[in-house]
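Have a look at the structure below, then the notes.
Every number in this text was worked out from the coordinates using simple rules, so none of it is lab data. Remember, predicted model here, so these are calculated numbers, not experimental data. Neighbour counts are summed over all protein chains in view; Cβ atoms, including those assigned to glycine, are modelled from backbone coordinates with ideal geometry.
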Amino acid sequence: MKVGIAGFPRSGKTTVFNALTGQHAEVGGFTEPGKVHLGVIKVPDPRVDRLSGIFNPRKTTYAEIIFADFPAPHSTGADGQGGSALDTVTLTQMRETDALVQVVRGFADEVTGESPNPVRDLTNFKSELLLADLVLIEKRLDRLKKETGKEYERALLERCKQALDEERPLRQLPLTTEEVAAIAGFGFLSRRPLMVVLNVGESQVHDPMPAAVEDWLRAEALEGLLLSGKIEMEIAGLEPEDRQAFLDDLGLQAAARDRFVTAAYRLLDQISFLTTGEDEVRAWTIRRGTTAVKAAGKIHSDIERGFIRAEVVHYEDFVRHGSEAKCREAGKFRLEGKEYLVQDGDIIHFRFNV
């Protein structure tokens, strides 16, 4: 699962990236054209912690998210009032993500002194994504004029183009499963799930999300999170035993990192099923609505191909009753077939034969 972090110059997106991943990527600009900072972080899951304490396995593995920090545009536009077009290389890299996060400046620009204008930056970024998708569609429609037998694709792209002309992101366009599959290869950016991070100064860390930003997010049906990238980067650089004292000094209950990762996980409609044993306790990431046989394939293609059944007990039932044997006695242990829809927190053992 790959989440791209984007934003306009001096929004602090690399600082946010460092805060999330614990890395030390250079802030203030990318020195190599086309370079992307990559970082892998584990998704906090107290269920994995609890099960690991019970089974004492040789290995404990959490679900993971890959974060990619993309270069910002090199200029702020001819009028200095927002973002310029994202370059082709960056757009191509962004199309390889599963979701996008826009980091928006919520503090005075440290170079120009300009006051923050988050709604403007949100609107400009939205326009960039719409324009990038529109260019792709118009090029494809031009080619389709010379081809026959592509009426279905042409009609679908015309619908997409109309939505973009109306300044509606494609994620807001109702599509069937067949239609989604038909346009998947285009990598439309405005179809990507999007989360907004308002990056504020230390003095604003306890403030609520500004009303104007809340209204914009509500109108776009998007999720937003307010944090201070600089503070979070400092927290990420501390030893674990020192973090809580630092948080207490700031009057914060917890680092925003966990909230961010959880929100990103939810943004992609991801859930985790669990496997347990002496060798490993592990969380496996799947999309909500995945069948048992497809979940088996997440572990290994041989398990999917030779699937017989899934032995399932939910985490809450396992913890409540204390063992698999007691779950059986309580009727909480189930045998499920290929079409069973896996639930978040299911502990599963797959039976298979290849």
So for region 289-352, averaging the separation of alpha carbon pairs under 8 Å that are six or more residues apart and normalising by length, what relative contact order in percent results? 50
Based on the mean of other Cβ atoms within 10 Å per residue, sort peptides 327-339, 131-143 so the most packed one is first. 131-143, 327-339
From the helices alone, meaning DSSP H stretches of at least four residues, give me the mean residue ellipticity at 222 nm for the chain, per-run term -39500 (n - 2.57), in deg cm²/dmol to the nearest 500. -12000 deg cm²/dmol
If packing is taken as the average number of other Cβ atoms within 10 Å across a peptide's residues, how do 274-284, 148-158, 96-106 rank, most packed first? 96-106, 274-284, 148-158
Taking the chain, how much of its Cα-Cα pair set, in percent, is spaced more than 36 angstrom apart? 33
Using Cα-Cα distances under 8 Å and only pairs 6 or more residues apart, what relative contact order does region 221-288 have, in percent? 20
Please give the FRET efficiency for Glu223 paired with Lys146, using the beta carbon to beta carbon distance and R0 = 45 Å, rounded to the nearest 0.05. 0.60
Mind jotting down a quarter of the surface of the convex hull over the alpha carbons of region 264-308, in square nanometres, one decimal? 3.6
Return one quarter of the surface area of the convex hull spanned by the alpha-carbon atoms of region 233-354, equal to its mean projected area, in nm². 10.2
How would region 314-354 be classified by its alpha-carbon gyration tensor: rounded, prolate or oblate, with rounded meaning a/c under 1.5 and the a/b versus b/c comparison settling the rest? prolate
With θ set to phi - 60°, apply the Karplus curve 6.51 cos²θ - 1.76 cosθ + 1.60 along region 339-348 and write out the HN-Hα couplings as whole Hz, x wherever there is a Gly or Pro. 8, 4, 8, 5, 9, 4, x, 5, 9, 10
Given H placed 1.01 Å from N in the peptide plane, which residues other than close sequence neighbours of Leu226 have an amide H under 5 Å from its amide H? Leu198
Counting only complete DSSP H runs, which helices of the chain cover 15 Å or more along their long axis at the Cα atoms and score a mean Kyte-Doolittle of 1.6 or above? none
With a cut-off of 8 Å between alpha carbons and a minimum separation of six or more residues, what is the relative contact order of the chain in percent? 19
Rg(Cα)/(2.2 N^0.38 Å) for region 94-236, N = residue count: 1.27
Give the Rg/Rh ratio for region 118-189, taking Rg as the radius of gyration of the Cα atoms and Rh as the Kirkwood radius, to two decimals. 1.01
Using 0.36 nm times the number of residues separating Leu335 and Val354, minus their current alpha carbon distance, what extension gain do you get? 4.9 nm
